[in-house]
Structures are given as C-alpha cells and as structure tokens.
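A quick write-up on the structure given underneath.
What follows draws every value from the coordinates through simple rules; no lab data is involved. Please read these numbers as outputs of a predicted model, since none were measured by experiment. Because the Cβ atoms are built from the backbone with ideal geometry, glycine has one as well, and the counts that use them run over all protein chains shown.
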Amino acid sequence: MPIVYRKLFDVLKANGYTTYKIRKEKLIGQGTLTAIKNGTGGLDAKTIARLCEVLNCQPGDLMEYVREETTSGGTKTDR
C-alpha cells in the first residue's frame, strides 16, 4: 500500500494516546486501527481531519507516500 501511517502512531504516542484512549475517544475505530497497523487499510478524509484537529497537526504529519517498486519477478515491494 503506497500510503503508510507510521508517522501517525509516533504522533499519537507523543501526545499520550494509547490504543485504549484512541478507541475511548472514538478517534479511530478498532477495525480501522487494526487495518492501518497491518498496512491493509487507510483513513478517510473525515478521520484525517479529526485527527489533525485533535493532535494540532497537518495530514503530512500522520502519513506518507511510499513508492511501491516492482521486482524483477513482477511483484510489488514496499521500501
């Protein structure tokens, strides 16, 4: 998946958010949280806007684009 959310987890941790607190304050649903941790899902614009408001940040502080490269066998790999 070309959009990765590693930065999001760093920002959440720096602001004192645990998985429990994220769910309790309904910032991200459990299924979505699991999917982005596993790299199989993403966030919608409404959720990104809410996170930016709560965490006082910009979308680029939460996620980044990582180009997928094609190996010689034709499969895509993440950097």
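Only one item in (1) 1.20; (2) 2.07; (3) 1.32 matches Cα Rg over 2.2 N^0.38 Å derived from the coordinates shown, and that item is (1). Modelled spin labels at GLN58 and ASN38, positioned 7 Å past Cα toward Cβ, are 3.3 nm from each other. Lysine pair count for region 3-78 (Cα-Cα distance under 27 Å; residues 8 or more apart in sequence or on different chains): 19. From least to most packed, judged by other beta carbons within 10 angstrom and beginning with the fewest, ASP61, ASP44 follow the order ASP44, ASP61.
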